[in-house]
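Every read-out reported here was derived from the displayed coordinates using simple, explicitly stated rules and does not represent laboratory data. Note that the structure is a prediction, hence the values are computed from the model and not measured. Because the Cβ atoms are built from the backbone with ideal geometry, glycine has one as well, and the counts that use them run over all protein chains shown.
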Amino acid sequence: MYLPAHFEENRPDVLNALIREYPLATVVIQADDGPEANHIPLHLVTASADAPLGMLQGHVARANPFWQTPQAETDALVIFQGPQAYISPAWYPSKAEHGKVVPTWNYVAVHARGRLLVRDDPLWLRNFLSGLVATHETQVDSLWTMADAPAEYIDKMLTAIVGFEIQITSLIGKWKVSQNRPASDRSGVAKALHRTSNPEKRAMAELVAPPCDV
């Protein structure tokens, strides 16, 4: 990933927060016929002595060749995408001053690299999914648990999926949020994005300039 220094984000807490807020990732591995990408929601396990940068856990359908590709441990690139928005030069006060402005695109992304290990283990899957469901059900203010479904149905569903883990060996973020523009231009961008009804654009507005600065 092209990463100018002024767009680099390397604070673990900031990177981990984005992963948890936007868990649907693009997981890229090298297959026999070239790079293969799958879109998979992942769960971030907090860093530990065994995994200093943390661990990513997920699952796929057993019919998905993704899990069959690795013959052993395989390198994986995992891409998380946060808020993004088109930025019009009309929002820059500097446009009226000299006119030397052009459009751009703001975005936030995290790249994680690590070793992919397949977990074709019903007990591992059951424990992983119980925790995953609890995490996301809480976020949507719901009370559904795996125990709400018939036990035989859950057992059958578990046979249709395969789990995996990726121990993170590299974690880097790119926050392209108008840091290269003067403060007045950043304020103009934030004000314009805040005026929209699009939640993603409003999220970008707060990354460009916090509400107290707008």
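Some observations on this one:
- Helix content alone sets the calculated 222 nm mean residue ellipticity of the chain: runs of n ≥ 4 DSSP H residues at -39500 (n - 2.57) each, divided across all residues, give -9000 deg cm²/dmol.
- With 0.36 nm allotted per residue and the present C-alpha distance subtracted, the residue 68-residue 100 stretch has 6.3 nm of extension available.
- q = 0.15 Å⁻¹: log10 I(q)/I(0) that the Debye formula gives for region 25-121, counting C-alpha atoms only: -0.70
- Distance (nanometres) between label positions extended 7 Å along Cα→Cβ at residue 200 and residue 11: 2.5 nm
- In degrees, nearest ten, helix 122-139 long axis to first principal axis of the chain (Cα): 40 degrees
- Using θ = phi - 60° and Karplus 6.51 cos²θ - 1.76 cosθ + 1.60, couplings along region 20-27 (whole Hz; Gly, Pro as x): 6, 6, 10, x, 6, 10, 9, 9
- Average 1/r across all pairs of distinct alpha carbons in region 84-171, invert it, and you get the Kirkwood radius: 17.7 Å.
- For the chain, the residue among 105, 127, 2 whose Cα projects farthest onto the positive side of the dipole built from Cβ charges is 105.
- Within the listed set 27, 110, 14, the Gaussian network model of the chain (springs between alpha-carbon atoms below 10 Å) gives the highest mean-square fluctuation for 14.
- P(r) weight above 31 Å for the chain, C-alpha pairs, percent: 34 percent
- Convex hull projection area averaged over all views, region 1-79, Cα basis, nm²: 6.6 nm²
- Straight Cα distances below 21 angstrom link residue 176 to the lysines 95, 100, 191, 201, with same-chain residues fewer than 8 positions distant left out.
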